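The values are calculated or read from the model by the stated rules, or taken from the named source; none is laboratory data. What you are looking at is a predicted structure, and each value in this text was computed from that prediction instead of being measured. Here the Cβ positions follow ideal geometry from the backbone for every residue, glycine too, while neighbour counts run over all protein chains shown.
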Ligand code: SF4
Ligand code: SF4
C-alpha cells in the first residue's frame with residue numbers, strides 16, 4: 001500500500017515532468033517562431049501568407065494551373081448573349097441588356113455576379129462564346145458587408161444622347177452599305193468597274 005510520502009513523491013515528480021515537457025514544447029515552437037519574430041528569416045522558408053495582402057507575388061505560382069478563382073468579365077468583349085446566365089445552376093448572375101451601337105450585339109447595362117452565392121463550378125465560363133468571362137487567380141474576397149460581394153461589371157444604362165448618337169451612326173452606316181450595294185448591282189456601277197480595271201491594265 002502506498003504511503004502518504006510515496007503519493008507525495010509521485011505527485012511532485014508528475015508535476016516536474018509536466019513542467020519539463022511544457023518547456024521542451026515551448027522551446028520547439030519558439031525555434032520556429034523566433035526567427036520570424038526577430039526578422040532572421042534568410043534561412044527559413046515562409047509557410048504562411050501575410051493577411052490581408054491580396055495575393056503575394058509567389059502565390060499565383062503555387063496555385064494549380066486550372067485554379068478557379070473569383071470571376072471577372074471583360075465587358076468590352078461581352079455580347080450579352082446570356083449563355084452564362086442559363087448555364088449557372090444557382091442564379092448568381094444578373095444580366096440586363098438593351099440595343100447598343102452594333103446591330104447584333106447587345107449593350108450590357110447590368111452584369112452582376114453574386115460571389116457570395118457562387119460555387120466556382122466554372123459552367124458559366126465554359127459556356128461563354130467570346131471568352132470575356134474568366135476565372136481569375138484571385139481567391140481573397142473578404143468584405144465587411146454581404147452586399148459588397150456582388151461584383152458589378154455592367155456598362156450602365158445608355159443615356160438618351162448615347163442612343164441618339166448610335167441611331168444616327170446606324171443610319172449613316174446603312175446608307176453607305178446601300179450605296180455600295182447599288183454600285184455593285186447597277187449596270188453603271190459594273191461599267192465603271194470594268195473601265196477602271198481596263199485603265200489599270
Ligand atoms: S462559377 Fe458556377 S456558380 Fe459561379 S456564377 Fe459561374 S456557373 Fe454560377
Ligand atoms: S456568356 Fe459570355 S458573352 Fe455571353 S453574356 Fe455571358 S459573359 Fe457575356
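Every condition in (1) assigned by TED's automatic domain parsing to the domain that holds residue 76; (2) without any contact (Cβ under 8 Å) to a residue 24 or more places away in the chain is met by residue 138 except one, and the failing one is (2). Return the residue satisfying two criteria in turn: it lies in the range 100-129 and is touching a helix residue (DSSP H, G or I) at 6+ places or on another chain (Cβ under 8 Å) and within 29 Å of residue 161 (Cβ to Cβ), and of such residues it is surrounded by the fewest Cβ atoms within 10 Å (Cβ to Cβ). Residue satisfying both the conditions and the ranking: 103.
Taking every residue in the range 76-95 that is within 17 Å of residue 151 (Cα to Cα) and pairing it with any residue that is more than 9 Å from ligand 2 (Cβ to nearest atom) and assigned to a helix (DSSP H, G or I), at least 6 positions away or on another chain, the pairs with Cβ-Cβ distances below 7 Å are 88/123.
Taking the range 47-155 and the strands (runs of 3 or more DSSP E) fully enclosed by it, no element has 2 or more residues that are within 15 Å of ligand 1 (Cβ to nearest atom) and at pLDDT below 95. Looking only at residues of the range 144-172 that are free of Cβ contacts under 8 Å to residues at least 12 places away in the same chain and closer than 19 Å to residue 93 by Cβ, we find that the one that is surrounded by the fewest Cβ atoms within 10 Å (Cβ to Cβ) is 147.
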